[in-house]
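What follows is a short report on a single structure.
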Ligand code: PEP
Ligand code: MN
């Protein structure tokens, strides 16, 4: 067969592929509608992986067929997102302690960047609770940029945090940095936080998941949403479905804020994963004056919760002072946040 003959054959094959792709797209469109009706998440990463392995059984990532198969899956996901990407997509509800249900309404989690002392934490926690926070945050093992900066109080901090949470009937959230600390941190904390710098630390993800505790997983500062969703999948494949995703800003070329808050992550991740999405505007902003507006944007985009750094004397915070807000600003933030949230019910089912 000459070149023209082979080209004609390829054209005929392409026509068949196009017919099949159109058929696939039509089914994907119907599937999107059905998923929304039955409250199904758009993506199922285990199924996607299984589908790819059927097309090409050996894990040859660069194989051209894999590239095509991935592109087909991606376009199917896009198609379904068009159908399901509403602000009010239903998500799993993660119970924390007896009273808190993350994914059901707007949850405020607040407290200082780091636990500094018992009296300081109690003051911040009381103010945060009075303003509507239901979860108390406080870092004990701090992932600081410089080894010369305050590294946190470690185990002593954990005891302070636990006592304070019990005294105020607030579940507590703290970061675990090292797989060797998971057992100890999980004895003290109600929610384990895996920080931005550790989003793809697989041994840490596995160890933390095995505790069975709710995990707040922060997005890596340079991670795509797909990488973020796959990191969360490590927790779920360990049998822990109590996953809360947290967008906290990503690295861009901007220098006016510490990071850039990716608001689009909220509806996309909620629709993709069916997991609640919490926003941390404090680390995204880096400056306290921008925390409130970013928090409000997050609520308007459908965030399930806000994680805010609050201190009774923000300028005296041992870490992240510049982005920490005081109790009065926090009270304004919760009030306005709830107002925005209530007005959002008008968007129900739209988009
Ligand atoms: C924090 O919440 O204290 C923290 C260090 O956040 P991140 O991992 O997002 O930088
Ligand atoms: Mn901080």
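The values are calculated or read from the model by the stated rules, or taken from the named source; none is laboratory data. All values derive from a computational prediction rather than experimental measurement. Cβ placement follows ideal geometry from the backbone for every residue including glycine, while neighbour counts extend to all protein chains displayed.
Going by the conditions given, is residue 300 more than 23 Å from residue 208 (Cα to Cα) and surrounded by fewer than 24 Cβ atoms within 10 Å (Cβ to Cβ)? The answer is yes for residue 300. There is at least one residue in the stretch 103-115 that is at positive phi, surrounded by 21 or more Cβ atoms within 10 Å (Cβ to Cβ) and in contact (Cβ under 8 Å) with a residue 12 or more places away in the chain.
Taking the stated definitions as given, is residue 123 within 14 Å of ligand 2 (Cβ to nearest atom) and either in contact (Cβ under 8 Å) with a residue 60 or more places away in the chain or crowded, with 24+ Cβ neighbours inside 10 Å (or both)? So residue 123 does not fit the description; no.
Exactly one residue out of 281, 293 is at negative phi and within 15 Å of ligand 1 (Cβ to nearest atom), and it is 281. Residue pairs whose Cβ atoms lie under 7 Å apart, separated by 6 or more positions or on different chains, with the first residue in the stretch 207-218 and on the phi > 0 side of the Ramachandran plot and surrounded by fewer than 24 Cβ atoms within 10 Å (Cβ to Cβ) and the second modelled with pLDDT of 95 or more and not in a helix (DSSP H, G or I), are 212/240. If you go through the stretch 235-290 and keep only what is over 14 Å from the mean Cα position of the chain (by Cα), free of Cβ contacts under 8 Å to residues at least 40 places away in the same chain and crowded, with 24+ Cβ neighbours inside 10 Å, you end up with just 285. Looking at the stretch 299-309, is at least one residue closer than 22 Å to residue 251 by Cα and away from ligand 1 (no atom under 16 Å from the Cβ)? Yes, because at least one residue in the stretch 299-309 is closer than 22 Å to residue 251 by Cα and away from ligand 1 (no atom under 16 Å from the Cβ). Screening residue 205 against (1) within 16 Å of ligand 1 (Cβ to nearest atom); (2) part of a helix (DSSP H, G or I); (3) over 14 Å from residue 235 (Cα atoms) leaves a single unmet condition, (3). Among residues of the stretch 179-198 that are closer than 11 Å to residue 212 by Cα, those with a beta-carbon under 7 Å from a residue that is part of a helix (DSSP H, G or I) and at pLDDT 95 or above at least six positions away or on a different chain give the pairs 192/185; 192/186; 192/208. Does at least one position in the stretch 154-167 carry a residue that is within 13 Å of ligand 1 (Cβ to nearest atom), surrounded by fewer than 19 Cβ atoms within 10 Å (Cβ to Cβ), without any contact (Cβ under 8 Å) to a residue 40 or more places away in the chain and within 21 Å of residue 311 (Cα to Cα)? Scanning the stretch 154-167 turns up no residue that is within 13 Å of ligand 1 (Cβ to nearest atom), surrounded by fewer than 19 Cβ atoms within 10 Å (Cβ to Cβ), without any contact (Cβ under 8 Å) to a residue 40 or more places away in the chain and within 21 Å of residue 311 (Cα to Cα).
Entry remark, the stretch 132-148: residues being in a loop (DSSP other than H, G, I, E, B) and either at pLDDT 95 or above or away from ligand 1 (no atom under 13 Å from the Cβ) (or both) number 10 in total. Any idea which residue in the stretch 65-124 is nearest to residue 332 (Cα to Cα), counting only those that are touching a strand residue (DSSP E or B) at 6+ places or on another chain (Cβ under 8 Å) and in a helix (DSSP H, G or I)? Here the answer is 124. Looking at the structure I just gave you, is residue 192 more than 9 Å from ligand 1 (Cβ to nearest atom), in a loop (DSSP other than H, G, I, E, B), within 18 Å of the chain's Cα centre (by Cα) and surrounded by 22 or more Cβ atoms within 10 Å (Cβ to Cβ)? It is false that residue 192 is more than 9 Å from ligand 1 (Cβ to nearest atom), in a loop (DSSP other than H, G, I, E, B), within 18 Å of the chain's Cα centre (by Cα) and surrounded by 22 or more Cβ atoms within 10 Å (Cβ to Cβ).
Here is the figure for the stretch 229-262: residues that are within 16 Å of ligand 1 (Cβ to nearest atom) and more than 26 Å from residue 190 (Cα to Cα) total 9.
Candidates in the stretch 309-351 are the residues that are outside any helix (DSSP H, G or I) and either away from ligand 2 (no atom under 15 Å from the Cβ) or at pLDDT below 95 (or both); of these, the one that is surrounded by the most Cβ atoms within 10 Å (Cβ to Cβ) is 312.
Within the stretch 168-189, being surrounded by fewer than 15 Cβ atoms within 10 Å (Cβ to Cβ) and assigned to a helix (DSSP H, G or I) holds for 180, 183, 187.
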